[in-house]
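Here is the structure we will look at.
The values are calculated or read from the model by the stated rules, or taken from the named source; none is laboratory data. These numbers come from a predicted model, not from an experiment. Positions of Cβ are generated from backbone atoms using ideal geometry, with glycine treated the same way; all protein chains shown enter the neighbour counts. Side chains are part of the model used for accessible areas, which takes the heavy atoms of the whole protein and leaves out ligands, DNA and RNA. Shrake-Rupley method; radii C 1.70, N 1.55, O 1.52, S 1.80 Å.
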Amino acid sequence: MHFQKYKYILLLITGVIVNLPAKTLDTNTTAQVFMLVNTCVGCHGIDGSSLGPATPTIAGMRKPLFIKAMQDMKNGLRPSTVMGVVANGYTDEEIEMMADFFSKQKVVRYRQNVDLEKAQRGKELHKQYCDSCHKIEVRTQPLFNIAGQWMPYLRFRLSQFKNGDSMMASALEYFVLKNDSEERLEELIHFYGSQQ
Amino acid sequence: MSNFTRRHFLGLAAGTAAAGIAGYYFIAPRAKKKVVVIGGGAGGVIAAKYIRKADNMIDVTLIEPNKDYYTCFMSNEVLSGVHTIDSIKFGYDKLSSQYGINMVYDSAIAIDANAKTVRLQGGTTIAYDRLIVSPGVDYRWDAIDGYDESLIEKIPHAWKAGSQTVILRKQLEAMKNGGTVIITVPPKPFRCPPAPYERASQIAHYMKQHKPQSKVLIFDANQAFAKQPLFIEGWKKLYGYGTDKSFIEWIPPEEGGELVAVDAEEMTIYAGEFEDEHKADVLNIVPPQKAGKIAIESGLADDTGWCPVNQQTFESSLQKDIHVIGDSCIAGAMPKSAYSANSQAKVCAQAVISALEGGKMVEPSFVNTCYSLIGDDFAISVAAIYRLKDGKIQATQGASGTSPLDASLEYRRSEAAYAYSWYKNITSDMFS
Ligand SMILES: Cc1cc2nc3c(=O)[nH]c(=O)nc-3n(C[C@H](O)[C@H](O)[C@H](O)COP(=O)(O)OP(=O)(O)OC[C@H]3O[C@@H](n4cnc5c(N)ncnc54)[C@H](O)[C@@H]3O)c2cc1C
């Protein structure tokens, strides 16, 4: 199976499709933005950097990715525990204001319990199976919110893709097929968890 | 703007020659506005910190009698031995060292709303431009025949965490296998609606591992409780609820669940219309509640025993320039919880800054969430977004809900992991 052809679609999903007009923010907006994001940090950590062990860090998320995540959870397109309810409480405009705020926050990563051998093997697996869509390179804002993310969250997230019909579901199916089991997914998770 | 640059900027703007004394910039005296906060808990700490974060030209003093704060949240997990008492203990050091908040370890004993001062137990009087009151709850000690404050060492309420939590934990540890624990739940409203049921779950969790012949009975003054179907489902899964082997029994008022009297000597309660007698090995009375003592004594509460406020700014409806937040206030549809107090404190901080520095108050936005840990790797949640509508805080349509029934074990496990994350993040929001 070749995933290269999906790259274009992927860019659409994660970037270009969310084509919002750039607006200039008026002066009272700063207070308004804080009013909104202040309600998130009790769960997501100060400025969106979570202390873990599971709730994802949302600091530094690219704006379109953030908006897509919120909209998908709001519309039930993406499974969630609390976020479906939470996202429903905000208008599109408010979501955009919050996306703007969190995308500008510096990510603080906390050390996780990583098995370095697994992480090492995971690095190779990543190159082979995932890197085509999830490039992990040195860039200020990665396309996805995976590298350095809390490992339990990544586990929950991966298991959500099972049995679906998305690109990710196919990628996982392919991975499991090639590796004969799901166990080696752990190596990938340790690799992502080891990224600072 | 950092402390330094802002001072510097103002100094220059005022045309004052910056007279540096060992690197310290002197500014033309401009009376700093003074905010005093009573109570270093879930509400008070956040209000103090967020005012300083947004505007370091406001002088903030936090009054709190205790050097250590034990969170009520996660204290049920101390009862079951899942966590230690030290793991729920926090100090106020960073609030002074990082945010420049003046910590005063004392109790407020009187508020003079006309003179705008607070008198402390230690004898000092502190002046304020705005006062924020977040003292949590107090108990209606006269409400239960045979139970009052003098008995809390023998019959703990453990509804404030700390030594009370430790006493109850020790009693559970000392109890024989086959013992009966009784929890009594007061009429609503009380601090943290799901907490009595989470407590019963945690005690059952402990019994299941260490004292499998034992039982916990919940005598309830209320006909229904928060997240009830989810608790019941969890109790069935983990604790045999509904069978004769169940670790947990819930007795609603129509089955004689309402507490009438306590005989402390005999460790017996009398409950229900016919005042049936029930003997316990460990007795945990959660007393009926009202606003914190200082709020009531300062004329901030109405005849419900709670404090009415303007729900946009949390300014008292009864006293000028005083704001009440957290468990003590009447905050529309929001339940009394740490997340509510946190959310209200942030809105109140903006209201106080607008009032002192001028500027329009923006539309408030609130969240509440409450996780309950029913067992190991097994949690449920409730979450809701609230906005101001017709002057009242109301849940936003479609933006409130609980975990689903019939969810997989993996789902419950993920919520347990999220519950611990919530705890870490909200306590770091407060104390670091
Ligand atoms: C068993 C239990 C479990 C809970 N679990 C959760 C949960 O999982 N999630 C959740 O969101 N909430 C939970 N809560 C509720 C939560 O603890 C409270 O709602 C929250 O602490 C309220 O904040 P507050 O600021 O109003 O009061 P508090 O946090 O109680 O703070 C009040 C502070 O004021 C101080 N004070 C009182 N009087 C004076 C005075 N005169 N002068 C100076 N200082 C004074 C006190 O010492 C105290 O430190 C739970 C509560 C209990 C009892």
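Scanning segment B:14-39 for residues that are modelled with pLDDT of 50 or more, out of contact with any helix residue (DSSP H, G or I) (no Cβ under 8 Å at 6 or more places or on another chain) and either closer than 15 Å to B:Ala338 by Cβ or away from the ligand (no atom under 16 Å from the Cβ) (or both) turns up B:Pro29, B:Ala31, B:Lys32, B:Lys34. Starting from residues that are within 11 Å of chain A (Cβ to nearest Cβ) and β-branched (Val, Ile, Thr), keep the ones in segment B:344-370 and report whichever is farthest from the ligand (Cβ to nearest atom). Per the criteria, the residue is B:Val362.
Taken residue by residue, segment B:392-399 has no member that is free of Cβ contacts under 8 Å to residues at least 40 places away in the same chain and within 15 Å of the ligand (Cβ to nearest atom).
Checked against (1) under 30 Å from B:Leu373 (Cβ atoms); (2) touching a helix residue (DSSP H, G or I) at 6+ places or on another chain (Cβ under 6 Å); (3) charged (D, E, K, R), B:Asp86 meets all criteria but (2). Being assigned to a strand (DSSP E or B), open to solvent by 10 Å² or more (accessible area, probe 1.4 Å) and within 14 Å of chain A (Cβ to nearest Cβ) holds for only one residue in B:Leu388, B:Leu373, and it is B:Leu388.
The rows are residues; the columns are (1) part of a helix (DSSP H, G or I); (2) under 26 Å from B:Lys346 (Cα atoms).
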position: B:Val118; (1), (2): no, yes
position: B:Val166; (1), (2): yes, no
position: B:Gly178; (1), (2): no, no
position: B:Ile182; (1), (2): no, no
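Restricting the first member to segment A:141-155 and to residues that are within 14 Å of chain B (Cβ to nearest Cβ), and the second to residues that are crowded, with 19+ Cβ neighbours inside 10 Å and of a type in the set (Gly, Ala, Ser), the beta-carbon pairs closer than 6 Å and six or more apart or on different chains are A:Trp150/A:Gly52; A:Trp150/A:Ala54; A:Met151/A:Gly193; A:Pro152/A:Ala54; A:Pro152/B:Ala417; A:Tyr153/A:Ala54. All of (1) in contact with a Pro (Cβ under 8 Å, 6 or more places away or on another chain); (2) open to solvent by 30 Å² or more (accessible area, probe 1.4 Å) hold for B:Glu297 with one exception: (1). Which of the residues spanning segment B:181-210 are more than 15 Å from the ligand (Cβ to nearest atom) and either over 15 Å from B:Ile248 (Cα atoms) or open to solvent by 20 Å² or more (accessible area, probe 1.4 Å) (or both)? Residues satisfying the conditions are B:Pro187, B:Lys208, B:Gln209, B:His210. Inspect all residues belonging to segment B:409-423 and state whether any of them is under 21 Å from the mean Cα position of the chain (by Cα), free of Cβ contacts under 8 Å to residues at least 12 places away in the same chain and assigned by TED's automatic domain parsing to the domain that holds B:Ile132. Taking every residue of segment B:409-423 in turn, at least one turns out to be under 21 Å from the mean Cα position of the chain (by Cα), free of Cβ contacts under 8 Å to residues at least 12 places away in the same chain and assigned by TED's automatic domain parsing to the domain that holds B:Ile132. Scan segment B:113-156 for residues that are small (Gly, Ala, Ser) and closer than 30 Å to B:Met267 by Cα and the total you get is 4.
State which residue is modelled with the lowest pLDDT when the search covers only segment B:336-370 and only residues that are under 29 Å from B:Pro193 (Cα atoms) and charged (D, E, K, R). For segment B:336-370, the residue satisfying everything is B:Glu363. Per the listing A:Tyr129, A:Tyr153, the residue uniquely open to solvent by less than 40 Å² (accessible area, probe 1.4 Å), in a helix (DSSP H, G or I), closer than 24 Å to B:Ser408 by Cβ and at pLDDT 90 or above is A:Tyr153. Of everything in segment B:51-105 that is more than 15 Å from the ligand (Cβ to nearest atom) and open to solvent by 60 Å² or more (accessible area, probe 1.4 Å), the residue that is nearest to the other protein chains (Cβ to nearest Cβ) is B:Ala54. Any chance you could count how many residues in segment B:126-151 are crowded, with 19+ Cβ neighbours inside 10 Å and either modelled with pLDDT under 95 or not in a strand (DSSP E or B) (or both)? The total comes to 6.
Inspect all residues belonging to segment A:107-130 and state whether any of them is within 14 Å of chain B (Cβ to nearest Cβ) and aromatic (Phe, Trp, Tyr). Yes - at least one qualifying residue is present in segment A:107-130. Checking each residue in segment B:309-343 for being surrounded by 24 or more Cβ atoms within 10 Å (Cβ to Cβ), more than 9 Å from the ligand (Cβ to nearest atom) and small (Gly, Ala, Ser) picks out B:Ser316, B:Ala331, B:Ser343. Taken over segment B:106-151, the criterion of being in contact with a strand residue (DSSP E or B) (Cβ under 8 Å, 6 or more places away or on another chain), of a type in the set (Phe, Trp, Tyr) and more than 14 Å from the ligand (Cβ to nearest atom) is satisfied by B:Tyr147 alone.
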